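Working notes, structure below.
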Amino acid sequence: MKHAATRTLYDYWSRLRGRRTAPARHEIEPGDIRHILGDTFILEAHDRSAYTFRLAGTRLCAAYCRELKGRNLLDMWAGKDREAIACMLAAIVEDGAAAVIGIEAQNERGQKMPVEVMLLPLRHDGPRHTRILGCFAPLDQPYWIGLHPVVRQSILSLRLIWPDERPAFLRTGLAAEEEPVAVPNAVRRNQRAAAPASGRKVAHLTIIEGGRK
């Protein structure tokens, strides 16, 4: 995690969840993260093709020069990047993963800025992670933010992090109190492959073990 805002959000989320896979949506107190609130957002997971913004911070909306509430996050991506984001979101919702994405955001003039995006699962109305807490943190602050909207973005890097060392569907003990979750097919296929020392591949994604470190 390169940006202070993403590290702050991850640490806050981790403290709230304790030994659980994820905290509940109602536990998030805006006042606790007020200094990064403009960069944060909450998504609602409807199904694997729809993850809509329920809340979006002012600085995030300014980057796109529009209100994002009600928009589908997947519609902001195209081609293989959309497929990778969809696979990652499924791992967050179904398996309790956290994710860090490095993206290159670009306006209509072709001007670019690097951004770090954090996505974290939240429980809502039961044990399922149907809400996602996120952070959109530009790594620099070009003059054109708020003047010229981001119109496209591409993935530079993408990591899934299992905060408790293993995916939820592989855990025992504490996981026994949770309802069973579906295992994404991409993850099932990956279980048959040997893991490289630096991380495991899941479709387009790299899984980094030990998020607390």
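The values are calculated or read from the model by the stated rules, or taken from the named source; none is laboratory data. Since the structure is predicted, the reported quantities are computational estimates derived from the model, not experimental observations. Cβ placement follows ideal geometry from the backbone for every residue including glycine, while neighbour counts extend to all protein chains displayed.
The residue that is surrounded by the fewest Cβ atoms within 10 Å (Cβ to Cβ), among those in the stretch 110-140 that are of a type in the set (D, E, K, R) and under 19 Å from residue 58 (Cβ atoms), is 140. The residues of the stretch 91-104 that are of a type in the set (Gly, Ala, Ser) and either in contact with a Leu (Cβ under 7 Å, 6 or more places away or on another chain) or surrounded by fewer than 23 Cβ atoms within 10 Å (Cβ to Cβ) (or both), listed by number, are 91, 97, 98, 99, 102. Pairs are defined by a Cβ separation below 7 Å, a sequence spacing of at least 6 or placement on different chains, a first member in the stretch 111-122 that is hydroxyl-bearing (Ser, Thr, Tyr), and a second member that is modelled with pLDDT under 95; no pair meets this definition.
No other residue among 98, 90, 105 is more than 13 Å from the chain's Cα centre (by Cα) and closer than 22 Å to residue 6 by Cβ apart from 105. Taken over the stretch 96-127, the criterion of being in a loop (DSSP other than H, G, I, E, B) and more than 14 Å from residue 43 (Cα to Cα) is satisfied by 96, 97, 108, 109, 110, 111, 125, 126, 127.
Can you say whether residue 41 is touching a residue at least 12 places away in the same chain (Cβ under 8 Å), more than 14 Å from residue 138 (Cα to Cα), in a strand (DSSP E or B) and in contact with a Gly (Cβ under 6 Å, 6 or more places away or on another chain), as far as the supplied structure shows? Against the criterion (touching a residue at least 12 places away in the same chain (Cβ under 8 Å), more than 14 Å from residue 138 (Cα to Cα), in a strand (DSSP E or B) and in contact with a Gly (Cβ under 6 Å, 6 or more places away or on another chain)), residue 41 qualifies. Could you count how many residues in the stretch 146-167 are closer than 17 Å to residue 76 by Cα and among the hydrophobic types (A, V, I, L, M, F, W, C)? Number satisfying all stated conditions: 5. Under the condition of being in a loop (DSSP other than H, G, I, E, B) and closer than 23 Å to residue 26 by Cα, the residues counted in the stretch 68-89 number 4.
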